[in-house]
Amino acid sequence: MGPGETRWALYYTLSTLSTAGRVYVHFDSWEEYQRHKETVDQYAETVVLARRRTGLAQGRSWAIEEIPDLEPNAEYICTADSHVVLLKNFSCRGAACDIKRCDYPPERDEKPYSVLPCTGHYGQAYWNFRYQTFIYNCRHKPFSYNPLICIRRDAAKAVRNLYAKYGLPVIPWEEYGSDQQQIYVSVFRLYGLEETECVEERGPVYLHRANKTDYPFWKNRWTPERLAKYAVARSCFLKLHYPRELWSLIGNEPASCPIPDDVAKRLNDEFRYGYADFLRWFKQYVSGQDVEIFRKEVSLLGLKL
């Protein structure tokens, strides 16, 4: 959990998620845990304090790496932001599950349910950090950066073992920026589209507090140091998962990632599925300003869609 989270947000997150399974909460520091101790101790099964790796992405990385062994009877491992509200229980059947949500503004932090009823969605198809098209309905989905995703236990172990083979954690960067998509896309690239699932239980399954860059919580979070680490997270996700033939379309951003070129290439060779499969899926949704870059990507990859 990142620093500075509000008491109400964490209360709703833990009190609702705890109705669906065992909750682990990851903190970077003892001091941050002490700030929220009363709420955390009431609802969390286990509190985890970072030792080797800190940063907003590392709680999710720890969960995918460690919980499969800590919870041998678990079917799924879900990772969530610290400002979500679970509305109902749900079931997953794929190796990776993306879950329909609604958003609420920070001004309703104490009363998130006041946004109901609302129109649910699955976020944007944001693989290249350029696409803005929102996905409202789907059966399968190869990409998610959403605040609540679930990964089947065997798939989590497969992703963990793959990155460990090359000396990397599941999320091989420190901070927020590409954490959920790194997990979800890695599972998709191992298992394929039919093993991803869009979960909808007759409407949105959870609420999420939307990000507003002018809101105090977010303004305080975006220090120059964190912005620099955010840039690293983006560049490394792209280096691992976005075809080199397309880098010129995004300002050669992946080139600044410190992951060695040979490691990135060997990892890519391990995956069975990739960005071309995403584009084949995205064809049915792409709209508006996204159409132009979509056509350029399809052309540069030599695809017939």
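Just one of the numbered conditions (1) open to solvent by less than 40 Å² (accessible area, probe 1.4 Å); (2) closer than 13 Å to Cys97 by Cα; (3) in contact with a strand residue (DSSP E or B) (Cβ under 7 Å, 6 or more places away or on another chain) is not true of Tyr206: (2). With respect to Lys229, determine if the residue is at pLDDT below 95 and either surrounded by fewer than 16 Cβ atoms within 10 Å (Cβ to Cβ) or more than 20 Å from the chain's Cα centre (by Cα) (or both). When the stated conditions are applied, Lys229 does not pass them.
Just to be sure before I move on: is Leu86 touching a Gly at 6+ places or on another chain (Cβ under 7 Å) and closer than 30 Å to Gly192 by Cα in the structure I sent?
Values: touching a Gly at 6+ places or on another chain (Cβ under 7 Å): no; closer than 30 Å to Gly192 by Cα: yes.
No; evaluated as a whole, the condition is false for this residue.
From the list Ala20, Ala80, Ala74, Ala63, pick out the single residue that is open to solvent by less than 20 Å² (accessible area, probe 1.4 Å), within 30 Å of Arg202 (Cα to Cα) and of a type in the set (Gly, Ala, Ser). First the steps, then the outcome.
Numbers: Ala20 fails: open to solvent by less than 20 Å² (accessible area, probe 1.4 Å); Ala80 fails: open to solvent by less than 20 Å² (accessible area, probe 1.4 Å); Ala74 fails: open to solvent by less than 20 Å² (accessible area, probe 1.4 Å).
Being open to solvent by less than 20 Å² (accessible area, probe 1.4 Å), within 30 Å of Arg202 (Cα to Cα) and of a type in the set (Gly, Ala, Ser) holds for just one of Ala20, Ala80, Ala74, Ala63, which is Ala63.
Among the numbered conditions (1) among the aromatic types (Phe, Trp, Tyr); (2) touching a residue at least 24 places away in the same chain (Cβ under 8 Å); (3) assigned to a loop (DSSP other than H, G, I, E, B), the only one that Tyr184 does not meet is (3). Selection over region 104-118 of residues that are of a type outside the set (D, E, K, R) and under 17 Å from Pro147 (Cα atoms) gives a count of 4.
Checked against the criterion of being in contact (Cβ under 8 Å) with a residue 60 or more places away in the chain and open to solvent by 40 Å² or more (accessible area, probe 1.4 Å), the candidates Trp30, Trp8 yield just one match: Trp8. Does Ile171 fit the bill of being part of a loop (DSSP other than H, G, I, E, B), of a type in the set (Val, Ile, Thr) and either in contact (Cβ under 8 Å) with a residue 40 or more places away in the chain or open to solvent by less than 10 Å² (accessible area, probe 1.4 Å) (or both)? In short, yes.
If the condition is being open to solvent by 10 Å² or more (accessible area, probe 1.4 Å) and not in a helix (DSSP H, G or I), then region 148-163 contributes only Arg152.
Report the residue count in region 83-131 for those that are under 28 Å from Pro254 (Cα atoms) and open to solvent by less than 20 Å² (accessible area, probe 1.4 Å).
So in region 83-131, the residues under 28 Å from Pro254 (Cα atoms) come out as 95-98, 122-131.
Applying the additional criterion that residues be open to solvent by less than 20 Å² (accessible area, probe 1.4 Å) yields 95-98, 122-123, 125, 127-129, 131.
The number of residues fulfilling the criteria is 11.
With surrounded by fewer than 16 Cβ atoms within 10 Å (Cβ to Cβ), basic (Lys, Arg) and not in a loop (DSSP other than H, G, I, E, B) as the only criterion, which of Lys219, Lys239, Lys304 stands out? Write out each step before concluding.
Details: Lys239 fails: surrounded by fewer than 16 Cβ atoms within 10 Å (Cβ to Cβ); Lys304 fails: not in a loop (DSSP other than H, G, I, E, B).
Exactly one residue qualifies, and that residue is Lys219.
What number of residues within region 1-20 are small (Gly, Ala, Ser), in a loop (DSSP other than H, G, I, E, B) and either modelled with pLDDT of 95 or more or more than 19 Å from the chain's Cα centre (by Cα) (or both)? Full working, then the answer.
At the first step, the residues of region 1-20 found to be small (Gly, Ala, Ser) are 2, 4, 9, 15, 18, 20.
Next cut, in a loop (DSSP other than H, G, I, E, B) only: 2, 4, 18, 20.
Filter once more, keeping what is either modelled with pLDDT of 95 or more or more than 19 Å from the chain's Cα centre (by Cα) (or both): 4, 18, 20.
Residues meeting the conditions: 3.
Taking region 245-276 as the region of interest, how many residues are within 14 Å of Phe143 (Cα to Cα) and either touching a Cys at 6+ places or on another chain (Cβ under 9 Å) or buried (at least 16 other Cβ atoms within 10 Å of the Cβ) (or both)?
The initial filter retains those residues of region 245-276 that are within 14 Å of Phe143 (Cα to Cα), namely 273-276.
Now drop any that are not either touching a Cys at 6+ places or on another chain (Cβ under 9 Å) or buried (at least 16 other Cβ atoms within 10 Å of the Cβ) (or both), which leaves 273-275.
Number satisfying all stated conditions: 3.
The values are calculated or read from the model by the stated rules, or taken from the named source; none is laboratory data. All of these numbers come straight from a predicted model, not from anything done at the bench. A quick note on method: Cβ atoms are made from the backbone with ideal geometry, for glycine too, and the neighbour counts reach across all protein chains shown. Quick note on the areas: whole protein, heavy atoms, side chains included, nothing else; ligands and nucleic acids left out. Shrake-Rupley method; radii C 1.70, N 1.55, O 1.52, S 1.80 Å.
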